[in-house]
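Report on the structure given below.
Bear in mind these aren't lab numbers, they're just calculated from the coordinates by the rules spelled out. Everything numeric in this text was worked out from a predicted model, so none of it was measured. Note that we place each Cβ from the backbone using ideal geometry, even for glycine, and neighbour counts take in every protein chain shown.
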Amino acid sequence: MFFLILFLLSPFLILFFNITELNFSLTSEVKHVFAFTFEQSFLSALISVVLGFMGSLGLISLQNKKVSKAMEFMALAPCFVPVIFVVFSCLNISSFFKFSLQGLFGIIFVHSLINTGVCSVLFSTALKNKIAVINKLFVLHSKNSFVYVCKFILPLMIKDIVYIFSSVFLFCFTSFSIPLVIGGVQSTTVDLLIYEKILSGELSLAVTLAFVQFLFLALILFLLNSFKGNESSIEVSRIPWPRLSPLIVFAALPFIILCAGFVSPMSFSQNTSFYLKMSLNSLFIALLAGYLMFMFVQFLLAFLPNKFLEFFLQHYTSPSTALTCLAVVIFISSSVVLKLSLFWVYLILFIPFLYKMFLQSFVDQIRPVIKLAKTYGGDRWMIYKVVIFPLSYKVTLLVAFIAAAWVLGDYAVTSVLLGDLSTLALNIKNSMRAYRLDESFGLLMILLLGEGILFIIYRGLLKFGNKEY
């Protein structure tokens, strides 16, 4: 169990033991970068939360369950598809309407597009737990929807708003993939500056920046955990909800924009063998990452339920991409091993988020079953073999598929650790940065085909699991 915790904490431990000399002389460049990163993170989070909250009022107003599920899927899609698709869609729309996405506006636009939908779903989930109280207040005190929202809903949602705002802020503050493509020369973020220092060989300055970033994020998390707001655990009531369903457009708009930007002419500048080799290389990396994710999650579940490990996973947040890659570059000197460490980085970056999204609820579901198995004298290995593995096969396979899909579209980690143009995503990134959107779209179609192959493999393994388990 402690090995798992040390593994996830390894980037911080490596940096801590390699801190020999910190340079805290804040140059104008560093001050500008931290100020810009804070500004884009704050504005991105603010816009995402405001639009997401309005979208949640529309989501919770829907009476039809099928329509509600479909709208939730649309809202979550921009958050779960590989970032490369979202960035291309935004660049394509900006090219069509002749406006620039470079700089602060572009970063905020893409961050808001990714996070608005998921904020809507999170807020609507939180509202369902408070709907009995606020509906009674609505019936008793007000028939005006605007007054109802401002006077009754917002005060009850303060804690949820703070938590969701902070989560989006942290995501945007450590964002690397989006500024890497659409951040201009004057729009460098902290992660991008660390990346530039790694490439230029200024590792001591990169460590200093990563250390300061870590302290800042740790302070945010400490303040967040110290915050106390209103709690409510009241059951859902059938008292009529005011008609706010038109606000659903705020939850669905990011998905509509994503789809609208995915229409473009395509072209190819290389021969077929080049693309075939690159595609197979990308697919191999994604499949191997998915397999390792499956094995790691199974290894993790073998130690669960465990109060200490669960507490750690619930409160642990992934380090930034640049910080994790910096730790790997410092720790590993061999170029061959450095490329293999790609999978180490993916596990560290993905596990905390995927655990909170999928595995935490699964552990809660199997807790009574495991407790019952223990009362009948089952040891850890027998319980894992007979109970945990068969029951966790589907959710673990889903987590592995999501990880593989993200890895196939990743160009952030590979930009640091591979550096060459050996994957589809890296070639797409360079094409997008050069605004060769027709070539980018052609490569994206190949990438989409690869995602389809991953989905077919996932479905095949799922059917196999249904027969076996």
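On a 25 Å Cα-Cα criterion, which of the cross-link pairs 69/98; 31/356; 307/385; 128/159; 98/429 come out too long? If you can, show how the numbers build up before the last one.
On the way: 69/98 35 Å; 31/356 34 Å; 307/385 21 Å; 128/159 15 Å; 98/429 20 Å.
Violating the 25 Å Cα-Cα cut-off are 69/98; 31/356.
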What ranking do 172-180, 445-453, 360-368 get when scored by the average of other Cβ atoms within 10 Å per residue, highest first?
-> 172-180, 445-453, 360-368
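Give me the number: length gained by fully extending residue 364 to residue 225, i.e. 0.36 nm times residue separation minus the C-alpha to C-alpha distance, one decimal in nm. Numbers along the way, then the final one.
Numbers: separation 139, 0.36 × 139 = 50.04 nm, distance 2.21 nm.
This chain segment gains 47.8 nm when fully extended.
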Let a ≥ b ≥ c be the square roots of the eigenvalues of the Cα gyration tensor of the chain; is it rounded (a/c under 1.5), or, if not, prolate (a/b larger than b/c) or oblate?
-> rounded
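Using helices alone, what [θ] at 222 nm do you get for the chain, with -39,500 (n - 2.57) per DSSP H run of 4 or more residues, divided over all residues and rounded to the nearest 500? The partial results should precede the final answer.
Values: 23 runs with 345 residues, N = 469.
Result for the chain, helices only: -24000 deg cm²/dmol.
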Region 267-469, dipole about Cα centre (Lys/Arg Cβ +1, Asp/Glu Cβ -1), debye to the nearest 20 = 520 debye
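Could you size up the charge dipole of the chain around its Cα centre, putting +1 on the beta carbon of Lys and Arg and -1 on that of Asp and Glu, and report it in debye to the nearest 20? Present the calculation step by step, with values, prior to reporting the outcome.
Working: 31 positive and 19 negative charges, 343 e Å.
With Lys and Arg at +1 and Asp and Glu at -1, about 1640 debye.
Can you list the DSSP H helices in the chain whose Cα atoms extend at least 27 Å along the helix axis and whose mean Kyte-Doolittle hydropathy is -0.5 or higher?
Details: long enough: 28-61 (49 Å, 1.18); 104-128 (35 Å, 1.55); 203-226 (34 Å, 2.27); 272-301 (43 Å, 1.51); 389-408 (28 Å, 1.79); 437-468 (45 Å, 0.89).
Span-like helices in the chain: 28-61, 104-128, 203-226, 272-301, 389-408, 437-468.
How big is D for region 267-469, in µm² s⁻¹ as a whole number, if Stokes-Einstein is applied with the Kirkwood radius of its Cα pairs at 20 °C and 1.002 mPa s?
Numbers: Rh = 18.7 Å.
This corresponds to a translational diffusion coefficient of 114 µm²/s.
Compute the normalised compactness of region 427-469: alpha-carbon radius of gyration over 2.2 N^0.38 Å, N being the residue count. The partial results should precede the final answer.
On the way: Rg = 16.1 Å, N = 43, 2.2 N^0.38 = 9.2 Å.
Region 427-469 yields a ratio of 1.75.
Tell me, in nm to one decimal, what length is gained between residue 288 and residue 438 on full extension, where the rule is 0.36 nm per residue of separation less the Cα-Cα distance?
On the way: separation 150, 0.36 × 150 = 54.00 nm, distance 2.99 nm.
51.0 nm is the gain from fully extending residue 288 to residue 438.
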Working out 0.36 nm times the residue gap between residue 356 and residue 203, then minus their Cα-Cα distance, what length gain in nm do you get to one decimal?
-> 51.8 nm
Taking a ≥ b ≥ c as the square roots of the eigenvalues of the Cα gyration tensor of region 245-323, is the shape rounded (a/c under 1.5), prolate (a/b larger than b/c) or oblate?
-> oblate
